[in-house]
Amino acid sequence: QVQLVETGGGLVQAGDSLKLSCVASEQPFSSYAVAWFCQAPGREREFVAAVSKSGNTYYADSLRGRFTISRDNAKNTVYLQMNSLEPENTAVYYCAATAYWKVHYYSLTNWDYWGQGTQVTVSS
């Protein structure tokens, strides 16, 4: 059972940057693909970005170029660097993991383990 803990959220102004971290309890961490999802008030949880076991990265089209996902297997950590934040990015950000990479990586149901989330609030 993989346990995931997200940190790094907070209150920022539009145009600022934040870097979220997701630390996993399981080793070897390289055996898991990891993703970030976000859920804004009143909306469904949505795919943000994913990184495969081999390090390939995938992004939601609307966030490509502003958000960057990366992993440090030695630290059991996946990061989400968020630049040029907008009020529309206000949400709870969750990381998720799976040992079995699936084609439809953007689907919630394809991820087996979830963290508790970290709140990101972007003021205008």
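Restricting attention to the stretch 62-74, which residues are open to solvent by 60 Å² or more (accessible area, probe 1.4 Å) and either modelled with pLDDT of 95 or more or touching a Cys at 6+ places or on another chain (Cβ under 8 Å) (or both)?
Thr68
Conditions: (1) at pLDDT 95 or above; (2) closer than 13 Å to Leu4 by Cα; (3) among the aromatic types (Phe, Trp, Tyr). Tyr58 meets all but one. Number of the miss?
(2)
If I go through the stretch 42-59 residue by residue, how many of them are of a type in the set (Ser, Thr, Tyr) and open to solvent by 70 Å² or more (accessible area, probe 1.4 Å)?
So the count comes out to 1.
Return only the number of the condition from (1) over 16 Å from Val92 (Cα atoms); (2) assigned to a loop (DSSP other than H, G, I, E, B) that Glu44 does not satisfy.
Every listed condition holds for Glu44 apart from (1).
Every residue, every condition in (1) farther than 15 Å from Tyr113 by Cα; (2) at pLDDT below 95; (3) open to solvent by 30 Å² or more (accessible area, probe 1.4 Å), yes or no:
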residue: Thr7; (1), (2), (3): yes, no, yes
residue: Leu11; (1), (2), (3): yes, no, yes
residue: Glu26; (1), (2), (3): no, yes, yes
residue: Ala40; (1), (2), (3): yes, no, no
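So which residues in the stretch 88-111 are modelled with pLDDT of 95 or more, open to solvent by 20 Å² or more (accessible area, probe 1.4 Å) and in contact with a strand residue (DSSP E or B) (Cβ under 7 Å, 6 or more places away or on another chain)?
Thr90, Val92, Tyr94
Given Leu85, Leu18, Leu80, which one is surrounded by 18 or more Cβ atoms within 10 Å (Cβ to Cβ), touching an Asp or Glu at 6+ places or on another chain (Cβ under 6 Å) and either acidic (Asp, Glu) or within 24 Å of Ser124 (Cβ to Cβ) (or both)?
Every option except Leu85 fails the conditions.
The rows are residues; the columns are (1) in a helix (DSSP H, G or I); (2) touching a residue at least 24 places away in the same chain (Cβ under 8 Å).
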site: Leu80; (1), (2): no, yes
site: Ser84; (1), (2): no, yes
site: Val92; (1), (2): no, yes
site: Cys95; (1), (2): no, yes
site: Val103; (1), (2): no, no
site: Tyr106; (1), (2): no, yes
site: Thr109; (1), (2): yes, no
site: Gln116; (1), (2): no, yes
site: Val120; (1), (2): no, yes
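Give all pairs with beta carbons closer than 8 Å in which a residue from the stretch 57-71 that is over 15 Å from Ser84 (Cα atoms) meets a residue that is assigned to a loop (DSSP other than H, G, I, E, B); count only pairs at least 6 apart in sequence or on separate chains.
So the pair list comes out as Tyr58/Ser52; Tyr58/Tyr105; Tyr58/Tyr106; Ala60/Tyr106; Arg71/Gly55.
The values are calculated or read from the model by the stated rules, or taken from the named source; none is laboratory data. Quick caveat: nothing in here was measured; it's all calculated off a predicted structure. When we count neighbours, we look across all protein chains shown, and the Cβ atoms used for this are built from the backbone with ideal geometry, even at glycine. Please note that ligands, DNA and RNA were not included when accessible areas were found on the heavy atoms of the full protein model with its side chains. Shrake-Rupley method; radii C 1.70, N 1.55, O 1.52, S 1.80 Å.
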